[in-house]
Number of protein chains: 2
Amino acid sequence: MALLAKAAKSTTPNVTSNFTARRLASTSTPQTQLSGLKINSKRLWKTLHETCEWGAAHRYGDNPTDTGMARLTLTDADATVRGWLSDQVQNLGCILHIDQMGNMFARQKGRLNSPVPMTAMGSHLDTQPRGGRYDGILGIMAALEVLKTMKENGYQTEFDVGLINWTNEEGARFPKSMASSGVWAGQIPLQEAWNLRDIHNPDITLKSELERHGYLGDIACSHDPQSGGYPLGAHFELHIEQGPILLESQRSIGVVQGSQAYRWLSFTVTGRDAHTGTTPLSARRDPLLAASRMIAASNEIAQRHGALASTGIFKIPSNASTNTIASELTFTLDLRHPNDSIVDTVQAECLESFSKIASQDGKGVSFTWQIDTDSKAVRFDEDCINAVRTVAHGLVGPDKYMDITSGAGHDSVYTSRRCPTTMIFVPCRDGVSHHPEEYCSPEDCAIGTQALLEAVVCYDKLRIKQKSDEGR
Amino acid sequence: MALLAKAAKSTTPNVTSNFTARRLASTSTPQTQLSGLKINSKRLWKTLHETCEWGAAHRYGDNPTDTGMARLTLTDADATVRGWLSDQVQNLGCILHIDQMGNMFARQKGRLNSPVPMTAMGSHLDTQPRGGRYDGILGIMAALEVLKTMKENGYQTEFDVGLINWTNEEGARFPKSMASSGVWAGQIPLQEAWNLRDIHNPDITLKSELERHGYLGDIACSHDPQSGGYPLGAHFELHIEQGPILLESQRSIGVVQGSQAYRWLSFTVTGRDAHTGTTPLSARRDPLLAASRMIAASNEIAQRHGALASTGIFKIPSNASTNTIASELTFTLDLRHPNDSIVDTVQAECLESFSKIASQDGKGVSFTWQIDTDSKAVRFDEDCINAVRTVAHGLVGPDKYMDITSGAGHDSVYTSRRCPTTMIFVPCRDGVSHHPEEYCSPEDCAIGTQALLEAVVCYDKLRIKQKSDEGR
């Protein structure tokens, strides 16, 4: 904690750079330009699972690592792994900064001793309450392994490189996903994020937990150096795919193009409670029947447009009984597509269809709806994407990587608004995540980590090329 | 309580009669043969609402009677109204017997001083937790009003007549509907009923509450006089329809033909939890989508057969979230039709359809099912039905009554297995019951009560005719 307090007090790299706003030269044909460095896959695997002892939960098998994780943000287990990470990066010679949201920035100086923002490798150490050992954790452990590999090989990038642990990515304890990268990107007000309450204990706020663990840093949580924030030169994130596409396509690396648009709606359908035995179908106002038809219809509409429509929550009154028609219920609808306008179209068609369904059976039902979350499609940075594509080509050959769009939200979606960003996906077993049995093989963890290293090196070279182009 | 203890100790009318097993002459054309007696509708209304002060709850309007009821069986409020009823019937000169299930049998001697079982008017004083003022209560208050009207007019039936308050009809506190008429009819074991536990406090059993309130009578709860039980000559029950059919047909009296068959099934649909953003539709095993299609399909199948299919309970795991496909859910299906074989057909078609649906989307889901309750269709006694039809014709004319089948379960369904039984339905507002706003107008309460009186008198005359036929 003393260490952290010291880190939190160190000065911000308070420099301005418009570097990130400019476009670097794009490489359309991947060329094999690997670093010659090789990450230590055994050390990576060992480190990942050793640190997963802090927060291990939900055992599902006999092997020591056959557990999931319950390392919610800013719990004691999270504080322990944060403390461990602080020691690790400082032992490597990194400078560690903590901002007002507890985001941890570990910075390794580059050869140029340049003051411009670092090329970052970021992800998160927090998990879902029934989460796995790879979502977020792999990204941090990979970044640490990259720094270790560079250090032990005496390799120095031109510009500074570093590691970031973003606070409360999962939003599982304090209910806002990617809260701290959101504040950093200027998309979520700091006070709002600080005031997020523990979902089980409203007396605890995110800020009070930052204070308790000594992670309320004094650097502004901002991308803007003018505000005392911590700007980034680029942001690369290695992550498990959380879906089955790579696995089913037999690819090792996903070159992430961006993040699809998603919109969360919630519906309240109102009818009238009635006895199931004494009320003819023609006299009913049955919200459960109507909602069932609506959910089936939303699926058909989404399929027609190649989009996703999903209902995750379906809630009827707790006094429900077999022989009573419920009076009211709520359900959610999660619409997704890489194209914003398709999401608009699917929503419009769903609403039109739901209106018809509402008057279809018996005496009809009424419904209200609202948009709870609306996240536009994001396109990642072409230079970053090209860097990943180039190294993937070199590492696994043309048949083992593919372009892919992220279905889930990530801190990279927020960083992409403020610095060149992309992600690297690796396959996970059965496409399962947010589940104790989430799994990524040692081989895939290693390939992803090597790709992360190579992408950072490749991008570093692009930056130096850009710098020399500027010099002409 | 002293009174009750005394009543419980009085001797059982331990007579055997095979009267109930024989068919009385049936009247196919209703003939107007009214008694000349007239119930006091103001007294009926006043008594009903005064006694509803014990257990009144869920105010919905400004009038003193604008509340529902929460008078669960064998609560203090129920004990109070039982005590009041004991006083009332004994003041009228009735003999009160209490059986082992707390069923209250009040018996008025007939002119013949015959030992054969009485013609009973039965229903229940207990309510749902969010119940109304008429379901069950009207049946008891009407029976009491009939006894009062006879008494003050010096009218004596030939055979004994009486009133029954059945314990725990609703099954809302001790979870088995019509538990005590079920024991009486030999359909539910006494021990099983005694051991029913309060749904909110498992330390309390139905038997312990019977003991606490002094309602554990020493008469066997049985229809069989050989076992020391309390046989009945007939059972008439006045009840609100609990549906909209009489109202929409503009009828005042429903001549109840019997009770439709109903079968309660529960389904567990299993898929796999998955991220809504990262899992293509083709890779999903989505139980919520499948269950929605199943519910819509069950409705279509039921409609095709003129049956009822209803889902009252739909339960997904409590950790559901907008962006996660649930792994498993359960839902109920309540199938009803007056014909047992149609219920079989609807069930078979539902299961066939559900199997198809289970493999329809993505990678499919699996499901299991079970039958929770299976209640066969019941046809009430022709003589009793004819008695009601005759008096309905005389009271309201041919356009204001109709044959109807009960959609709900009633104590009469159990008594019909052991004695000639039928019911009289009166309309209730919007067909609503099991709801605080359940309402039956003073006029309809009065017509129903007059019909109950006339039906009992009419049936009493049929009994004497049968007796004289036997004498020939």
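Within the stretch B:90-108, does at least one residue satisfy the condition of being under 20 Å from B:Leu232 (Cα atoms), acidic (Asp, Glu) and either surrounded by fewer than 24 Cβ atoms within 10 Å (Cβ to Cβ) or modelled with pLDDT of 95 or more (or both)? Spell out how you get there, then give the answer.
Applying the first criterion (under 20 Å from B:Leu232 (Cα atoms)) to the stretch B:90-108 yields B:90, B:93-108.
Within this subset, residues satisfying the condition of being acidic (Asp, Glu) are B:99.
Next, only the ones that are either surrounded by fewer than 24 Cβ atoms within 10 Å (Cβ to Cβ) or modelled with pLDDT of 95 or more (or both) stay: B:99.
Taking every residue of the stretch B:90-108 in turn, at least one turns out to be under 20 Å from B:Leu232 (Cα atoms), acidic (Asp, Glu) and either surrounded by fewer than 24 Cβ atoms within 10 Å (Cβ to Cβ) or modelled with pLDDT of 95 or more (or both).
Quick one: A:Gly277 ticks every box in (1) modelled with pLDDT of 95 or more; (2) over 18 Å from A:Leu351 (Cα atoms); (3) within 7 Å of chain B (Cβ to nearest Cβ) except a single one, so which number is it?
For A:Gly277, the exception is condition (1).
Tell me which strands (runs of 3 or more DSSP E) are completely within the stretch A:362-461 and hold 2 or more residues being of a type outside the set (D, E, K, R) and modelled with pLDDT under 95, or say none if there are none. Walk me through how you get there before you give the answer.
Details: elements: A:366-375, A:401-406, A:421-426.
Correct list: A:366-375.
Could you go through the stretch B:386-396 and let me know if any residue there is away from chain A (no Cβ under 14 Å), farther than 23 Å from B:Leu232 by Cβ and out of contact with any Asp or Glu (no Cβ under 9 Å at 6 or more places or on another chain). It would help to see each step written out before you state the result.
Applying the first criterion (away from chain A (no Cβ under 14 Å)) to the stretch B:386-396 yields B:386-396.
Filter once more, so that each one left must be farther than 23 Å from B:Leu232 by Cβ: B:393-396.
With the extra rule that they be out of contact with any Asp or Glu (no Cβ under 9 Å at 6 or more places or on another chain), the set shrinks to B:393, B:396.
Yes, the stretch B:386-396 has at least one match.
Scan B:Cys428, B:Cys419, B:Cys384 and give me the residue that is under 19 Å from B:Ala446 (Cβ atoms), in the same structural domain as B:Tyr459 (by TED's automatic domain parsing) and not β-branched (Val, Ile, Thr). Walk me through it before giving the result.
Details: B:Cys419 fails: under 19 Å from B:Ala446 (Cβ atoms); B:Cys384 fails: under 19 Å from B:Ala446 (Cβ atoms).
Every option except B:Cys428 fails the conditions.
For the stretch B:290-329, which positions are without any contact (Cβ under 8 Å) to a residue 12 or more places away in the chain and more than 30 Å from the chain's Cα centre (by Cα)?
Of everything in the stretch B:290-329, those that are without any contact (Cβ under 8 Å) to a residue 12 or more places away in the chain and more than 30 Å from the chain's Cα centre (by Cα) turn out to be B:Ser292, B:Ser318, B:Asn319, B:Ala320, B:Ser321.
Out of the stretch B:280-293, which residues are crowded, with 24+ Cβ neighbours inside 10 Å and at the interface with chain A (Cβ under 7 Å from one of its Cβ atoms)?
Hits for the stretch B:280-293 are B:Leu288, B:Leu289, B:Ser292.
Suppose we keep only residues that are of a type in the set (A, V, I, L, M) and under 13 Å from the mean Cα position of the chain (by Cα) within the stretch A:406-434. Which one would you say is nearest to the other protein chains (Cβ to nearest Cβ)? Give the steps one after another, and end with the answer.
First, pick out the residues of the stretch A:406-434 that are of a type in the set (A, V, I, L, M): A:408, A:413, A:423-424, A:426, A:432.
Now narrow it down to the ones that are under 13 Å from the mean Cα position of the chain (by Cα): A:408, A:413, A:423-424.
On the way: A:Ala408: 4, A:Val413: 11, A:Met423: 12, A:Ile424: 15 Å.
Of everything passing the filter in the stretch A:406-434, A:Ala408 is nearest to the other protein chains (Cβ to nearest Cβ).
Determine, yes or no, whether A:Glu437 is of a type outside the set (S, T, N, Q), within 14 Å of chain B (Cβ to nearest Cβ) and on the phi < 0 side of the Ramachandran plot.
Working: of a type outside the set (S, T, N, Q): yes; within 14 Å of chain B (Cβ to nearest Cβ): yes; on the phi < 0 side of the Ramachandran plot: yes.
Yes: the conditions hold for A:Glu437.
Name the single residue, out of those in the stretch A:294-318 being more than 7 Å from chain B (Cβ to nearest Cβ) and in a loop (DSSP other than H, G, I, E, B), that is surrounded by the most Cβ atoms within 10 Å (Cβ to Cβ).
The selected residue is A:Ala307.
In this structure, does B:Ile342 turn out to be buried (at least 18 other Cβ atoms within 10 Å of the Cβ), under 21 Å from A:Ala320 (Cα atoms) and either more than 10 Å from chain A (Cβ to nearest Cβ) or among the β-branched types (Val, Ile, Thr) (or both)? It would help to see each step written out before you state the result.
Details: buried (at least 18 other Cβ atoms within 10 Å of the Cβ): yes; under 21 Å from A:Ala320 (Cα atoms): no; either more than 10 Å from chain A (Cβ to nearest Cβ) or among the β-branched types (Val, Ile, Thr) (or both): yes.
No.
Taking the condition of being under 23 Å from the mean Cα position of the chain (by Cα) and not aromatic (Phe, Trp, Tyr), how many residues in the stretch B:31-64 meet it?
Adding up the residues that qualify gives 12.
Need the failing condition index for B:Val432 against (1) over 21 Å from B:Thr67 (Cα atoms); (2) aliphatic (A, V, I, L, M); (3) buried (at least 18 other Cβ atoms within 10 Å of the Cβ), just the number.
(1)
I need the full set of residues from the stretch B:235-250 which are over 15 Å from A:His275 (Cα atoms), surrounded by 24 or more Cβ atoms within 10 Å (Cβ to Cβ) and not hydrophobic (A, V, I, L, M, F, W, C), in order please.
Within the stretch B:235-250, B:His235, B:Glu237 meet the criteria.
Tell me, yes or no, whether the stretch B:223-244 has at least one residue that is over 18 Å from the mean Cα position of the chain (by Cα) and among the aliphatic types (A, V, I, L, M).
no
In the stretch A:389-431, what count of residues is obtained for those that are of a type in the set (Asp, Glu) and in contact with a Ser or Thr (Cβ under 8 Å, 6 or more places away or on another chain)? Talk me through it step by step, then tell me what you get.
Narrowing the stretch A:389-431 to residues of a type in the set (Asp, Glu): A:399, A:403, A:411, A:430.
Now drop any that are not in contact with a Ser or Thr (Cβ under 8 Å, 6 or more places away or on another chain), which leaves A:411.
Result for the stretch A:389-431: 1.
If you take the residues in the stretch A:172-222 that are basic (Lys, Arg) and over 20 Å from the mean Cα position of the chain (by Cα), which one is surrounded by the most Cβ atoms within 10 Å (Cβ to Cβ)? Walk me through how you get there before you give the answer.
Taking the stretch A:172-222 as the starting set, the residues that turn out to be basic (Lys, Arg) are A:173, A:176, A:197, A:207, A:212.
This time we only want the ones that are over 20 Å from the mean Cα position of the chain (by Cα), so: A:197, A:207, A:212.
Details: A:Arg197: 15, A:Lys207: 20, A:Arg212: 13.
Once the filter is applied, the top-ranked residue is A:Lys207.
Among the residues of the stretch B:184-215, write down those that are under 25 Å from B:Asp374 (Cα atoms) and aromatic (Phe, Trp, Tyr).
Correct list: B:Trp184, B:Trp194.
Do you know which of the residues in the stretch A:223-267 that are at positive phi and assigned to a loop (DSSP other than H, G, I, E, B) is farthest from the other protein chains (Cβ to nearest Cβ)?
Selected residue: A:Gly228.
Yes/no matrix, rows are residues, columns are (1) within 24 Å of A:Phe105 (Cβ to Cβ); (2) among the polar types (S, T, N, Q); (3) surrounded by fewer than 24 Cβ atoms within 10 Å (Cβ to Cβ):
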residue	(1), (2), (3)
A:Ser375	no, yes, yes
A:Arg379	no, no, yes
A:Ala392	no, no, no
A:Gly407	no, no, yes
A:Thr422	yes, yes, no
A:Pro442	no, no, yes
A:Leu462	yes, no, yes
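Only one of (1) outside any helix (DSSP H, G or I); (2) surrounded by 23 or more Cβ atoms within 10 Å (Cβ to Cβ) is not met by A:Gly36, so which one is it?
Result: A:Gly36 passes all but (2).
The values are calculated or read from the model by the stated rules, or taken from the named source; none is laboratory data. Note that the structure is a prediction, hence the values are computed from the model and not measured. A quick note on method: Cβ atoms are made from the backbone with ideal geometry, for glycine too, and the neighbour counts reach across all protein chains shown.
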